[in-house]
1. Arranged from highest to lowest average of other beta-carbon atoms within 10 Å per residue, in what order do the peptides 143-155, 45-57 appear?
2. Can you tell me the relative contact order of the chain? Whole percent, Cα pairs under 8 Å, sequence separation 6 or more.
3. Dipole of region 1-139 (Lys/Arg Cβ +1, Asp/Glu Cβ -1, origin at the Cα centre): which of Q136, L100, G56 lies farthest to the positive side?
4. Quick one: among I23, I15, I175, which has the greatest mean-square fluctuation in a GNM of the chain with alpha-carbon springs under 10 angstrom?
5. To the nearest 10 degrees, how steep is helix 70-107 against the longest Cα principal axis of the chain, on a 0 to 90 scale?
6. Given [x] 7, 15, 23, 24, 15, 8, 5, 2, 0; [y] 9, 37, 35, 16, 2, 0; [z] 9, 36, 41, 14, 0 as candidate values of P(r) over Cα pairs in 10 Å bins from 0, in percent, which corresponds to the one derived from the coordinates?
7. Which angle from 0 to 90°, rounded to the nearest 10, does the C-alpha axis of helix 59-68 make with the longest principal axis of the chain?
8. Simple spin-label model, 7 Å along Cα-to-Cβ: F147 to R110 in nm?
Amino acid sequence: MRSISRLAAFVAGIIATILFILINQIIEIADEWPAFQAQIIELTQDIQHWISRNYGVSSRTQIEYLSNNLNKTFDFGSIIIERVLGGITRYSILVLFSFLYIVFILIYRRHLIRFVFYIFHEREHKHVLSVIYNTQNMVKQYLTGLFLQMLIVTTITFIALSILGIKYSFVLALITGILNIIPYVGITVSVII
């Protein structure tokens with residue numbers, strides 16, 4: 001019992017340390033937000049100057065063109081936002097119901113196992129029980145492997161980003177580890193970020 005409480009304290013300490021580092025880096029990101037905005041404004045001005053220099057279109061003409069097409073952009077943008085919000089809503093409902101199904105399956109798993117036993121004849125109960133235990137074992141092994149993969153990717157990414165001297169390496173490594181759960185797409189999105 002004492003070893004379990006030590007293990008729980010150790011795990012709680014690790015989680016607290018991770019949360020502390022994560023919160024500190026998020027605060028640093030928030031503090032640098034004005035600098036990020038200044039970089040975006042500078043980038044926009046550089047693009048305007050480049051267009052003016054290479055294509056002979058003055059900054060005033062560029063702004064007039066953008067102003068004239070702004071209404072069209074807003075109309076098109078509202079359609080895109082509507083579709084995106086609809087997709088997010090559908091996805092959120094799917095996630096919510098999936099979570100609820102998982103919770104109810106976990107709460108009533110003994111009833112489900114009993115139901116499965118009632119479906120099969122009594123002579124098959126040993127085989128059914130074996131299948132259930134094997135399935136539970138495979139799911140546990142899969143989730144353990146997924147967590148280990150996430151931990152390894154997060155650690156390696158954190159080390160690599162720290163060696164390269166990139167700011168907010170812990171936050172970026174954590175995002176990479178979490179997104180790595182999604183095959184192909186997750187790692188691509190984390191590289192883009």
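1. 143-155, 45-57
2. Relative contact order comes out at 17 percent.
3. Highest projection toward the positive end goes to Q136.
4. Answer for the Gaussian network model of the chain: I15.
5. Between the helix axis and the principal axis of the chain, the angle is about 10 degrees.
6. Given [x] 7, 15, 23, 24, 15, 8, 5, 2, 0; [y] 9, 37, 35, 16, 2, 0; [z] 9, 36, 41, 14, 0, the structure-derived one carries the label [x].
7. 60
8. For the pair F147/R110, the computed spacing is 2.4 nm.
No value in this document is a laboratory result; all are computed from the given coordinates. Being a predicted model, the structure only gives us computed values, none of them experimental. Cβ: placed from backbone, ideal geometry, glycine included. Neighbour counts: every protein chain shown.
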